[in-house]
Amino acid sequence: METLLPLKCWTRAQQHGFRIPQWTDPLAHEKFPGTNCTVLSGQKLSEEFRNQAKELAKSNSIKPNLTVLLVGEDPASRVYVSNKTKTFAQAGFGSHLIEVPAAEATTELLQKWVHKLNADPSVHGILVQLPLPKHVDAAAVLGAIVLEKDVDGFLPGNVGLLATGQFTGTLSCTPFGVMALLAAYNVSLAGKNAVVIGRSNIVGKPMGLMLLSEDCTVTYAHSRTQNLQGVCAQADILVAAAGQALLVKPEFVKPGAVLIDVGMHRDSAGKLCGDIDPDCFSKASFASPVPKGVGPMTIAMLLVNTCINAWGQGKAQ
Ligand code: NAD
């Protein structure tokens, strides 16, 4: 069964055949151990979208193709890139990696690479893995990507479409994935208080805009917010994207709230954790885990965005 929620941000994906499943049976929901809180499984939903992409590809002559520009040797970036290329390979899609050593990278050299990929019709998505080394002007490199190949939805042209309520552009993968996750579990949004911790251009800001487009009353919290706990305690939907391990504690959580954890960290024992303390789950109705929550959704939406770009070529998108 597909979702009854007509998510505005899903319009383009729907035009290309992607459907958000509807998992409404509470008995079928996995719960966090010892709680009544439903796990928002990004792993499960990302698999669903990967399968849909594979299925849809059978009736399309164009094979979606992503090219990743990876600069330097940052180990975390390497893991992220390898997860992305692996997912594309599993779906039977093309992905190419261009590696540039940090010592050789200049803004001009990376812009040249981008121009070359812009002109290559076999490339449907260009992803510049962030962060770039400090001596490179990241905005100038990203700004060189043509709008139609911006699979990350970072370019002002795409952000502007979202900000003005037009869903004809590419959407930032992480918040786009969060919206799909909320819809798959039928979380109601209209009129709810949503608090987004974080105001970055790639996560926090577009997250708030997408929640606003579904009629949430949105509050942005950030590093200068006073009384973060009090602000968060008003949230029916709390999205933590501060990049601060275990920042959100149980006293921040309104009983029955929906918790979305975008953060990704390793604790002192090397175990993955997010921005939300797992002790919060016993107060929440739904929560996304770390790992297997928002992370896989981000990659799934990169796949969806690349398909839309590839299959929208030459057609009105
Ligand atoms: P960022 O550093 O650009 O932005 C962090 C934001 O959080 C800023 O707006 C800042 O004002 C706010 N902030 C920082 N400390 C705060 C505090 N103590 N209280 C309130 N607000 C605070 O980071 P980003 O790129 O938006 O990413 C945020 C986190 O999400 C990081 O941990 C990143 O690794 C993770 N991330 C995960 C995925 C994924 O797929 N799971 C994708 C992107 C980012």
**Item:** Cross-link table 84/249; 249/271; 8/292; 31/283; 54/112; 31/192, entries beyond 21 Å C-alpha to C-alpha
**Value:** 84/249; 8/292; 54/112; 31/192
**Asked** Roughly how many percent of the accessible protein surface of region 49-88 is carbon and sulfur, given a 1.4 Å probe and a whole-percent answer?
**Response** 52
**Request:** May I ask for the angle, rounded to the nearest 10°, between helix 107-119 and the longest principal axis of the chain, with both axes built from Cα atoms and the value confined to 0 to 90°?
**Result:** 80
**Request:** Can you send over the carbon and sulfur percentage of the accessible area for region 92-145, probe radius 1.4 Å, protein chains only?
**Result:** 60
**Message:** Need one number for region 104-153: average projected area of the convex hull over its C-alpha atoms, nm².
**Reply:** 3.3
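How about region 1-93: which GluC sites (Glu not before Pro) there are in a DSSP loop, with at most 13 other Cβ atoms within 10 Å of their Cβ?
Here the sparse-neighbourhood loop sites are 30, 73.
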**Prompt:** In Å and whole numbers, how far do the C-alpha atoms of region 1-147 stretch along each principal axis, longest first?
**Reply:** 55, 42, 27
**Item:** Environment charge at residue 160 (Cβ cut-off 13 Å; Lys +1, Arg +1, Asp -1, Glu -1)
**Value:** 0
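Counting only Cα atoms, I'd like the Rg/Rh figure for the chain, Kirkwood definition for Rh. Mind dumping the intermediate values first?
On the way: Rg = 19.1 Å, Rh = 20.0 Å.
Expressed as Rg/Rh, it is 0.96.
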**Asked** Is the shape of region 91-184 best called rounded, prolate or oblate, per the rule: a/c under 1.5 gives rounded, else a/b larger than b/c gives prolate, else oblate, with a ≥ b ≥ c the square roots of the Cα gyration tensor eigenvalues?
**Response** prolate
**Asked** Which of the trypsin sites (Lys or Arg not before Pro) across region 16-61 are loop residues per DSSP, with 11 or fewer other Cβ within 10 Å?
**Response** 58
**Complete:** accessible surface per residue for the chain, probe 1.4 Å, DNA/RNA/ligands not counted, whole Å² -> 44
**Prompt:** With all protein chains present and a 1.4 Å probe, how do 286, 18 order by accessible area, largest first?
**Reply:** 286, 18
**Asked** Mind checking the angle between helix 173-184 and the chain's longest principal axis? C-alpha axes, 0 to 90 degrees, to the nearest 10.
**Response** 50
**Complete:** Largest fluctuation, 169, 243, 208 only, Gaussian network model of the chain with Cα springs under 10 angstrom, belongs to 243
**Complete:** Per-residue accessible area, 1.4 Å probe, largest first, puts 299, 126 in the order 299, 126
**Request:** List the trypsin sites (Lys or Arg not before Pro) within region 127-235 that fall in a DSSP loop (any state other than H, G, I, E or B) and whose Cβ has at most 16 other Cβ atoms within 10 Å.
**Result:** 134, 224
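Counting Lys and Arg as +1 and Asp and Glu as -1, each charge on the Cβ, what is the dipole of the chain about the Cα centre in debye, to the nearest 20?
That gives a dipole near 280 debye.
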**Fill in**
From the Cα centre of region 124-147 to that of region 244-317, the distance in Å is 24
**Request:** Determine the sum of side-chain charges near residue 295: Lys and Arg each +1, Asp and Glu each -1, restricted to other residues whose C-beta is under 15 angstrom from that of residue 295.
**Result:** +4
**Asked** If you roll a 1.4 Å probe over region 160-212 with all protein chains in place, what percent of the accessible area is carbon or sulfur?
**Response** 55
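The values are calculated or read from the model by the stated rules, or taken from the named source; none is laboratory data. Just so it is clear, the structure is predicted and the values come from calculations on it, not from any experiment. Backbone-built Cβ (ideal geometry, glycine too); neighbour counts: all protein chains shown. Calculation scope for accessible area: heavy atoms of the full protein, side chains included, ligands and nucleic acids excluded. Shrake-Rupley method; radii C 1.70, N 1.55, O 1.52, S 1.80 Å.
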